[in-house]
Amino acid sequence: MNMLAQAQAVGMSVAAPQTPVLQVDRLVKHFPVRRGVVFSRVVGQVRAVDDVSFDIARGETLALVGESGCGKSTTGRLILRLLEPTSGSVRFQGQEIAGLDKQAMRRMRRHLQIIFQDPYASLNPRMTVGQMLAEPIILHGLADSEAAIQARVRELLSVVGLLPEHARRYPHQFSGGQRQRLGIARALAVKPDLIVCDEPVSALDVSIQAQVVNLLQNLQRQFGLSYLFIAHDLAVVKHIADRVAVMYLGKIVELAPKDELFQAPLHPYTRTLLSAIPRPDPHRKTARQIPGGDVPSPMNPPSGCRFHTRCAWATDLCKVEDPALRNPDVGGITAGHMTACHHIETLPPASEAIGVGATAPNAAKRLALYAERRAKAKAEAG
Ligand SMILES: Nc1ncnc2c1ncn2[C@@H]1O[C@H](COP(=O)(O)OP(=O)(O)OP(=O)(O)O)[C@@H](O)[C@H]1O
Ligand code: SF4
Ligand SMILES: [Mg+2]
């Protein structure tokens, strides 16, 4: 049975095959920063999410990766409308969710679920697991008798690898990995189409991480689920992602099919993130490339390209002009590989070290040299 047929069999709503499950378009969230206790006034804006666009297909996993504070969780919360966007659009199966009233949004929530990093914080300590799983089933009218509710609770425990008797226990009686399984079971209780997984394995031991990632992958195949999988570490998404979006200070700087991103990263920031993954490879050519300086504040993000304060290739252009996310002319990449960098066509290939540390004063000269070398190689080849 294909994914579409499976989805229909478990009672999920099905969009036209060509419509992505989720379409996020130019999404913006600015948080006002206030000062003063009595006469509080707005003194600035945290630009947590600043013009973010992507879509997710049915059965696809899009990973959203970036350092702490770059806006990943805010993006996830905007998609579930746990936060109101400053501007931009979020469409679920073609329907805009920004304008939905409370009742319509409650119905929509059935299809959009979230799993958190710390499942314990999101599980009610005074409810048994059985009560906790029954709650959304009753709220959304997904079972019409007590026996049907209990059967569904047992089924949910079984699909996440827990036992029927676990329904009588309380959250504190479970291990970290088991609690994350409970968080997943609760998300699945309403038969969702899309789950935002916000760092679901970051707090778990490495051995348990793999089990939870495997479980999420199996459930995806079984139920045709789509995931937005949030992580701060590229290593975590290597096995689960179909595509990866790399975020830096509220913006997506690279979006690519997973294999392409790992084999041929384009953006200097993606390259530094990849080089930070420990690899026991004696033949590895590229050195660890730690970007210079601290992550700037999203309250006063740098002008132009936000990465320019840490990029070894920054030129004067980078300081004034914000580069658009585009499919660059670098050869060997697919049309779906996008990046936001003015100099991407003239940067050295990913197999070469691109420069470690703080901004190099002669970046423009080196870029010109690389451009010359590349043109010469092209002329010789053709
Ligand atoms: N409710 C809020 N009010 C004000 N600022 C906020 C609020 N929520 C988030 N922020 C700010 O927005 C920025 C992005 O936060 P967000 O939680 O989305 O980042 P993140 O990428 O998920 O980080 P982490 O990896 O640490 O979870 C941060 O600077 C954060 O301080
Ligand atoms: S070269 Fe310029 S545009 Fe590209 S990442 Fe560096 S600072 Fe940004
Ligand atoms: Mg977060």
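Here, each number is a calculation from the coordinates, and none is a lab measurement. These numbers come from a predicted model, not from an experiment. Counting neighbours? That spans all protein chains shown, and the Cβs are built from the backbone with ideal geometry, glycine included.
Using unit Cβ charges (K, R positive; D, E negative) and no other charged atoms, how large, in debye to the nearest 20, is the dipole of the chain about its Cα centre? Spell out each step's value before the answer.
On the way: 45 positive and 34 negative charges, 107 e Å.
For the chain, the charge dipole is close to 520 debye.
For the range 87-242, count the residues as N, evaluate 2.2 N^0.38 Å, and divide the Cα radius of gyration by that value, please.
Relative to the 2.2 N^0.38 Å estimate, the range 87-242 comes out at 1.05.
Please give the charge dipole size of the range 15-145, origin at the Cα centre, charges +1 on K and R Cβ atoms and -1 on D and E Cβ atoms. Round to the nearest 20 debye.
460
Pick out which of Thr86, Thr272, Thr309 has the largest mean-square fluctuation in a Gaussian network model of the chain, springs linking Cα atoms closer than 10 Å.
Evaluated over the chain, the most mobile residue of the options is Thr86.
So what is the calculated 222 nm ellipticity per residue for the chain, using -39500 (n - 2.57) for each DSSP H run with n of 4 or more, over all residues, to the nearest 500 deg cm²/dmol?
After summing the helix terms and dividing by residue count, I get -9500 deg cm²/dmol.
May I ask you to give the average projected area over all directions of the convex hull of the Cα atoms of the chain, in nm² rounded to one decimal?
Mean shadow area of the hull around the Cα atoms is 23.4 nm².
What ranking of Thr19, Thr346 emerges when the number of other C-beta atoms within 10 Å of each C-beta is taken as an exposure proxy, fewest first?
Final ranking by Cβ density, sparse to dense: Thr19, Thr346.
Just to confirm a number: summing +1 for Lys and Arg and -1 for Asp and Glu over residues other than Asp51 whose beta-carbon lies under 13 angstrom from that of Asp51, what do you get?
So the surrounding residues net to +2.
Would you mind telling me which residue in Arg168, Arg77, Arg310 has the biggest mean-square fluctuation in a Gaussian network model of the chain, where springs connect alpha carbons within a distance under 10 angstrom?
Top of the fluctuation ranking is Arg168.
By the scheme Lys and Arg +1, Asp and Glu -1, what is the net charge of all other residues having a beta-carbon under 15 Å from that of Pro302? Mind dumping the intermediate values first?
On the way: positive: Arg47, Lys251, Arg306, Arg310, Lys319; negative: Asp50, Glu67, Asp294, Asp316, Glu321, Asp322.
Net local charge, Pro302 excluded: -1.
What is the dipole size for the range 69-125, taken about its Cα centre, with +1 at each Lys and Arg Cβ and -1 at each Asp and Glu Cβ, in debye to the nearest 20?
Around 180 debye, computed over the range 69-125.
Could you identify which residue out of Val37, Val330, Val90 has the top mean-square fluctuation in a GNM of the chain using Cα springs shorter than 10 Å?
Of Val37, Val330, Val90, the Gaussian network model singles out Val37 as fluctuating most.
I want the local charge near Thr86. Using Cβ-Cβ distances under 15 Å, sum +1 for each Lys or Arg and -1 for each Asp or Glu among the other residues.
Numbers: positive: Arg26, Lys29, Arg47, Arg77, Arg81, Lys251; negative: Asp25, Asp50, Asp51, Glu84.
That works out to +2.
Suppose a student asked you for the relative contact order of the chain, using Cα pairs under 8 Å spaced at least 6 residues apart; what percent would you report?
17
For a test of understanding, tell me how many lysine pairs in the chain have Cα atoms under 19 Å apart, given they are 8 or more places apart or on different chains.
9
Kindly rank 247-254, 128-135, 28-35 from highest to lowest mean number of other beta carbons found within 10 Å of each residue.
Those peptides, ordered most packed to least, come out 247-254, 128-135, 28-35.
Among DSSP bridges having both ends in the chain, what percentage is antiparallel? Round to the nearest 5. Please report the intermediate quantities before stating the final value.
Values: 28 of 47 bridges.
Around 60 percent antiparallel, to the nearest 5.
Put +1 on the Cβ of each Lys and Arg and -1 on the Cβ of each Asp and Glu in the chain; which of Leu234, Tyr170, Gly304 then has its Cα farthest toward the positive end of the dipole?
Of the options given, the answer is Tyr170.
Can you sort Ile277, Ile195 by how many other beta carbons sit within 10 Å, fewest first?
Ile277, Ile195
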